[in-house]
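Student: Attaching a single structure in structure tokens format; questions to follow.
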Amino acid sequence: MYRYDEFDHEVVQSRVKQFTAQVERRLDGRLTEAQFRPLRLMNGLYLQLHAYMLRVAVPYGTLSSKQMRQLAMIADKYDRGYGHITTRQNVQFNWPELTDVPDILQDLADVEMHGFQTSGNCIRNVTSDPYAGATAEEIEDPRPTAELLRQWSTLHPEFAFLPRKFKIAVVASKTDRAVIRAHDIGIEIVKNEAGEVGYHIIVGGGLGRTPIIGQTLRAFLPREELLPYLEATLRVYNRYGRRDNKYKARIKILVTETGIEEFTKQVEDEYATLEPLDIAVSPEEVARITAYFADPEFEKLPAHNDSYKAKLLDDKDFALWAENNLAEHKQDGYAIVNISLKPLDLAPGDITAEQMRAVADLADEYSFSEIRTTHQQNIVLPHVKKSDLYALYEELKKVKLAADNIGLISDIICCPGMDFCALATARSIPVSQAIAQRFSDPARQRAIGEMQIKISGCINACGHHHVGHIGILGLEKAGVEFYQVKLGGDASENAAVGKVTGPGFSQEELVDGIERLVDYYLEVREDEERFIDSFNRLGMAPFKEALYAA
Amino acid sequence: MSTLKHKGKGPQSLTANELREGMNVWLTEDFNWSRKYSDALQTEDESVIEKMQVKGEADENENLVVGVYFIDVEPDTGLPVRYREKFRVKGPSYDTADELGLQKVK
Ligand code: SF4
């Protein structure tokens, strides 16, 4: 894992001091709210529907056990004993008090964490593949690139006041676990025909009120050109992005209005004016950063483990958990473990302080102290020996973290919605719970197979509803919540924006409609088809009919 | 966001957030702030509304509250008219802390 260097330490510590003084000046009235608001937002502190909310950055979703323990301490001491994992792999606390925030930021800084660039019109926390460094699918670990981008974008003076926020995601596998095509810039680490590693740069994707799938800006960018090329791209955006209209200010609108060819030309022209070597970092610096992400000391193990196999036969529940929650590891004898934060009775993505501490302890014991957060609002222990899986599973059960529904219909992405968010138009948590309850039968969930339901409480689409196989958007009219449904979205490497089916539903009608939709799919699916495959084969009409059949 | 100038219809209440703790509050009959909506002053009397506005501005200047604004109130139910405001009154319909009996460990 990356460890802060002197510069990082200084930046974070001086920010704590600065914000502590700003809070002091706010409390004694030397700063007005109008002056203070942008300052608190720069540190991730929002005023939400009921209280303040603090968003903590988790760079590319990587946490150490020590950091997780500190988050647990913060949850207990300053909040109400839990935190929430967001779709940008960050952690949110729903109930902090302004007077405590300087102490919270100091506690975060003590473990090399902070809240800056989790809000505002700057380059936000860079996200990545939660399986980074563990999956055999990847060309290389994407985190050194993500870390390089973190360092480059942190307090970058030229990009602190962009027309609008700017989100970057990096993956290094064909399988996209970071929704790169729905980002302002998506980066896929690729190899060219000569076998050189470089970057496929995708630009202009995004969700929100105008969902757009990103387009290729450069199919292959040599490795050393990454920062200068992104600098050129951001400059073009900074210059031409629309500051006159908040709803048209994202780069996706600029790219769409300009056309990808013309936009590419503008970037290339700008790039030609730069001195790349002034911006690019030296190979030595890249090597220094990369060294932090070296593999942990894996044991040499056989691919198969007899005790693990025996347990699979012995304990049916364990076998079901293993079937859904494990992924292939690059190292023989190891597995990637997904910990579901989608139990039937709690809000998607919420984790209690006690559970955080348990995850930290289990990471120490079984996963080289490494933890990941996922955009699906779950947690990953990236490197667990197969021989330890059963013991880990038993421990997870004790803290109610052994839900075996990863990738299934109850593994729902869901934003906080009207229960917490000041921008919401309707609730989303109760909807996700009602759907999860309706499909609570584990055998039925398995029969349905891979299904991605995503729910947002307003048009801002933090719950990624545009790219859900079934996407749900909460709206309100005359004091009544209703839910619009989209079908056919895809958050994977085959990214697609779903289509609206028609008029919205009440929550109750919605759950019935989804059940009819799912039953219809089970009736018509061929072979191993997933819901999305059947939908793509048959098209909207029959699914829509099933949805509205009541 | 804060539209302190009252432009609403029917009975009005004045709401804000505490600066320090951040919690939602409503102006009470005795011109204090309460976290309970049931304590909120509701009035159609323009002269009272004017005084509420003065109080809101003063307490914002005194750094007691932030984001002061008037809300419309339903005459029959006494509840806020807007759906969002109804929600601010009730608090989250779901909160993991309430669900599990968690609280701040001081
Ligand atoms: S989608 Fe809307 S309701 Fe949900 S978190 Fe984002 S802004 Fe809030």
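The values are calculated or read from the model by the stated rules, or taken from the named source; none is laboratory data. Everything numeric here is computed off the predicted structure, so don't read it as measured data. So basically every Cβ, Gly included, is an ideal-geometry build from the backbone, and we count neighbours across all protein chains shown. Note: areas computed on protein heavy atoms with side chains; ligands, DNA, RNA excluded. Shrake-Rupley method; radii C 1.70, N 1.55, O 1.52, S 1.80 Å.
Student: Between A:Ser506 and A:Glu140, what is the spin-label point distance in nm, taking each point 7 Å from the Cα along the Cα→C-beta axis?
Tutor: My value for the distance between the label points is 5.8 nm.
Student: Compute the Cα gyration tensor for the range A:1-147, then decide on rounded, prolate or oblate, letting a ≥ b ≥ c be the square roots of its eigenvalues: rounded whenever a/c is under 1.5, prolate when a/b is larger than b/c in the other cases, and oblate in all that remain.
Tutor: Details: a/c = 1.93, a/b = 1.74, b/c = 1.11.
Prolate is the answer for the range A:1-147, as a/c is 1.5 or above and a/b outweighs b/c.
Student: Pop the C-beta distance of A:Ala447 and B:Glu62 into the FRET formula with R0 = 51 Å and round what comes out to the nearest 0.05.
Tutor: Here the calculated transfer efficiency is 0.25.
Student: What distance in nm lies between label points placed 7 Å from Cα along the C-beta direction at A:Ala550 and A:Glu262?
Tutor: In this crude spin-label approximation the distance works out to 4.7 nm.
Student: Classify chain A as rounded, prolate or oblate, taking a ≥ b ≥ c as the square roots of the eigenvalues of its Cα gyration tensor: rounded when a/c is under 1.5, otherwise prolate if a/b is larger than b/c and oblate if not.
Tutor: Rounded is the answer for chain A, as its axis ratio a/c remains below 1.5.
Student: Which parts of the range A:48-76, residue by residue, lose 40 Å² or more of accessible area when the rest of the protein chains are there, as against the chain isolated (1.4 Å probe)?
Tutor: A:Leu49, A:His50, A:Tyr52, A:Asp76
Student: On to the next question. Can you run the Rg to Rh ratio on the range B:12-89? Use alpha carbon positions and the Kirkwood inverse-distance Rh.
Tutor: 0.94
Student: Right, another one. Which percent of the accessible area of the range A:234-336 is formed by carbon and sulfur heavy atoms (probe 1.4 angstrom)?
Tutor: Here carbon and sulfur together make up 51 percent of the probe-accessible area.
Student: I need the Kirkwood Rh of the range A:230-286: take the reciprocal of the average 1/r across all distinct C-alpha pairs and report it in angstrom.
Tutor: Result for the range A:230-286, one decimal place: 12.5 Å.
Student: Kindly tabulate the residues in the range B:61-79 with an accessible-area decrease of at least 10 Å² between the chain alone and the assembly of all protein chains, using a probe of 1.4 Å.
Tutor: Buried-area filter returns B:Asn63, B:Val66.
Student: Accessible area per residue of the range A:306-398 at 1.4 Å probe, in Å²?
Tutor: 37
Student: Hey, another quick one. D for the range A:383-447, whole µm²/s, Stokes-Einstein with Kirkwood Rh over alpha-carbon pairs at 37 °C and 0.692 mPa s: what number?
Tutor: Calculated translational D: 233 µm²/s.
Student: From the alpha carbon gyration tensor of the range A:306-398, can you work out the equivalent ellipsoid semi-axes (sqrt of 5 times each eigenvalue) and give them in Å, largest to smallest?
Tutor: That gives 21, 15, 12 Å for the three semi-axes.
Student: Bin by bin, in steps of 10 Å, what percent of the Cα pairs in the range A:413-548 do you find, going until the bin that has the longest distance?
Tutor: 13, 46, 34, 7, 0
Student: Provide the gained length on full extension for the span A:Glu394 to A:Met540, in nm with one decimal, where the gain is 0.36 nm per separating residue minus the Cα-Cα distance.
Tutor: On the way: separation 146, 0.36 × 146 = 52.56 nm, distance 4.32 nm.
This chain segment gains 48.2 nm when fully extended.
Student: Please give, to one decimal in nm, the separation of the simple spin-label points placed at B:Asn32 and A:Lys300, each 7 Å out from Cα toward the Cβ.
Tutor: 7.5
Student: For the range A:413-548, what does the accessible surface come to per residue with a 1.4 Å probe? Please give it in Å².
Tutor: 37
Student: Go ahead and run the numbers for FRET between A:Phe161 and B:Leu79, Cβ-Cβ distance against an R0 of 51 Å, rounding to 0.05.
Tutor: Given R0 = 51 Å and the Cβ-Cβ separation, E is 0.80.
Student: Nearest 100 Å² is fine: how much accessible area is buried between B and A, summed over both sides, with a 1.4 Å probe?
Tutor: Looking at B and A, the buried total is near 3000 Å².
Student: Using θ = phi - 60° and the Karplus curve 6.51 cos²θ - 1.76 cosθ + 1.60, what whole-Hz ³J(HN,Hα) does each residue of the range A:200-211 get, with Gly and Pro shown as x?
Tutor: Result, ordered by residue: 8, 9, 10, 10, x, x, x, 9, x, 6, 10, x Hz.
Student: Can you pull the percent of the range A:419-473's accessible area that's carbon plus sulfur, 1.4 Å probe, other chains left in place?
Tutor: Answer for the range A:419-473 is 60 percent, counting heavy atoms of protein chains only.
Student: Which of the GluC sites (Glu not before Pro) found in the range B:19-81 are in a DSSP loop and have at most 10 neighbouring Cβ atoms, other than their own, within 10 Å?
Tutor: Working: sites: B:Glu21, B:Glu29, B:Glu44, B:Glu46, B:Glu50, B:Glu57, B:Glu60, B:Glu62; in loops: B:Glu21, B:Glu29, B:Glu44, B:Glu62.
Answer in residue order: B:Glu62.
Student: Given Cα pairs under 8 Å that are at least 6 residues apart, what percent is the relative contact order of the range B:12-89?
Tutor: Computed value for the range B:12-89: 33 percent relative contact order.
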